[in-house]
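Beneath this line is the structure, given in structure tokens, with notes to follow.
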Amino acid sequence: MISKLMRIVAVASGAMAALMLAGCGERPQVIDYKQGKYQGKPDEPPYAAAPFNGNKDMWERDIRNRTQNQNEYRRIGS
Amino acid sequence: MARMKFLCDAERCIECNGCVTACKQENDVPWGVNRRRVVTINDGVPGERSISVACMHCSDAPCMAVCPVDCFYRSEEGVVLHDKDLCIGCGYCFYACPFGAPQFPQAGAFGVRGKMDKCTFCAGGPEKDNSEAEFKKYGRNRLAEGKLPACAEMCSTKALLGGDGDTIAEIYRQRATTRGKGSEVWGWSTAYGRPEAPKSPAAPAAAPGGKS
């Protein structure tokens, strides 16, 4: 009877210890802020993905040509 | 490449709101949020001026300075973007912005402010480029497709210019010097050609007695 009681106490104390230790493994719920620094996810440059596949020069050339489409003096000639 | 900028030519803007419509359509902007809008000064008075306003992607952006959770960042092209996963919808950026660019969707029936939404220069946000998640949170990423913002490209009078700051400044400079200023900007000679305009040598001579 006593040994059975001892076993219950041992199991209960073990479970209690495991429960308390679980608190130590809790992940932080808030972000560790660094004042004045961007805290979000990193972004990739616009030329990283297809169709440019990392070719920055090609992307810049395309954007430059595209920008000139807004210049009607160049589009229709003056 | 310098920094991406918008430039609105108030002499050309006709308040058609094409830029506003293009932005809403392209980015599937929710009801109640206007990333871009047209402001008219002296509406109805002769000499009224309209200008299309959105996030100006400031070089020293006040929204970035006041954000308590530091969710703003500036891309290497000079576009000011933010991470909606971090935004807490506090509205500080709205108070700090001189252009009223940050917008807050009405997330609930009682006017609870949602996460901030603003013009992204059609550059998406911190998600995989051209992914479904990026489109849902930030709208289309036209820069990654080698295109410019829809508002500027859709502008019928090309009042709104968007792109590399140096390039659009050069376009505007050429335009302003060509059209002149004051009374030269408007009128018959501007609309139908000026006397000093060079005539093409291949053009046939006008028939005598023909209509002018």
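Overview of values
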{"read-out": "Conditions (1) at pLDDT 90 or above; (2) surrounded by 14 or more Cβ atoms within 10 Å (Cβ to Cβ); (3) part of a loop (DSSP other than H, G, I, E, B): number failed by A:A49", "value": "(1)"}
{"read-out": "Selection status of B:S59, within 25 Å of B:A176 (Cα to Cα), assigned to a strand (DSSP E or B) and more than 11 Å from chain A (Cβ to nearest Cβ)", "value": "no"}
{"read-out": "Residue in segment B:134-142 that is assigned to a loop (DSSP other than H, G, I, E, B) and in contact with a strand residue (DSSP E or B) (Cβ under 6 Å, 6 or more places away or on another chain) present", "value": "no"}
{"read-out": "Candidates B:Y95, B:Y73 - the one that is within 11 Å of another protein chain (Cβ to nearest Cβ) and aromatic (F, W, Y)", "value": "B:Y73"}
{"read-out": "Subset of segment A:42-72 (residues that are of a type outside the set (A, V, I, L, M, F, W, C), in contact with a helix residue (DSSP H, G or I) (Cβ under 8 Å, 6 or more places away or on another chain) and farther than 19 Å from B:G78 by Cα)", "value": "A:P51, A:Q68, A:N69, A:Q70, A:N71"}
{"read-out": "Residue within segment B:39-59 that is out of contact with any strand residue (DSSP E or B) (no Cβ under 9 Å at 6 or more places or on another chain) and of a type in the set (G, A, S) present", "value": "yes"}
{"read-out": "Any hit, segment A:18-41, residues being touching a residue at least 12 places away in the same chain (Cβ under 8 Å), closer than 30 Å to B:A150 by Cβ and either in a loop (DSSP other than H, G, I, E, B) or facing another protein chain (nearest Cβ under 7 Å) (or both)", "value": "no"}
{"read-out": "Matching residues, segment B:90-133, being part of a helix (DSSP H, G or I) and in contact (Cβ under 8 Å) with a residue 12 or more places away in the chain", "value": "B:Y92, B:C93, B:F94, B:Y95, B:A96"}
{"read-out": "Residue selected from segment A:43-78 under the condition closer than 18 Å to B:G165 by Cα and among the β-branched types (V, I, T), by the criterion farthest from the other protein chains (Cβ to nearest Cβ)", "value": "A:I63"}
{"read-out": "When residues of segment B:104-163 are limited to those that are buried (at least 21 other Cβ atoms within 10 Å of the Cβ) and at positive phi, the one farthest from the other protein chains (Cβ to nearest Cβ)", "value": "B:G139"}
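The values are calculated or read from the model by the stated rules, or taken from the named source; none is laboratory data. Because the structure is predicted, anything quoted here is derived from the model rather than measured. Note: ideal-geometry Cβ built from the backbone for every residue, glycine included; neighbour counts use all protein chains shown.
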